[in-house]
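Every number in this text was worked out from the coordinates using simple rules, so none of it is lab data. These figures come from a predicted structure and were not determined experimentally. We place every Cβ from the backbone using ideal geometry, glycine too, and count neighbours over all the protein chains shown.
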Amino acid sequence: MLEKDGNLMDMTLQESKKDVVKSLLSYSSLGLEMGLSVAIGIAIGYFLDIFFKTSPYLTIIFMIFGVAAAMKTIIVLLKKVQKDNERDKHQ
């Protein structure tokens with residue numbers, strides 16, 4: 001009987017460790033996604049400014065698009081975390 005309870009406890013611990021690792025990976029990728037969104041927006045704007053000779057207007061506009069994309073990423077992640085928290089409360 002102790003083995004069954006011990007195995008159950010081990011399974012619960014393994015599942016919780018998996019959940020922690022999964023959430024840490026999700027949060028760590030957030031910073032990378034945010035930085036890349038802004039950097040890609042600036043790069044596109046910079047090269048379009050060179051092509052159309054409109055410096056610095058397109059760089060600023062595409063940087064704003066990059067920041068908006070980064071904010072969208074944060075909102076999507078927050079909604080996912082909130083949904084996961086609600087699901088965990090009901091279990």
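Odds and ends about this structure:
- log10 of Debye I(q)/I(0), alpha-carbon scatterers only, for region 26-86 at 0.29 Å⁻¹: -1.04
- With K and R counted +1 and D and E -1, the other residues having a Cβ less than 14 Å from that of Lys80 yield a net charge of 0.
- Pairwise label distance in nanometres, Ser16 with Lys83, each label 7 Å out on the Cα-Cβ vector: 2.6
- C-alpha long axis of helix 2-52 to longest principal axis of the chain, angle in °: 0
- Nearest 10 degrees, 0 to 90: helix 57-90 Cα axis against the chain principal axis: 10
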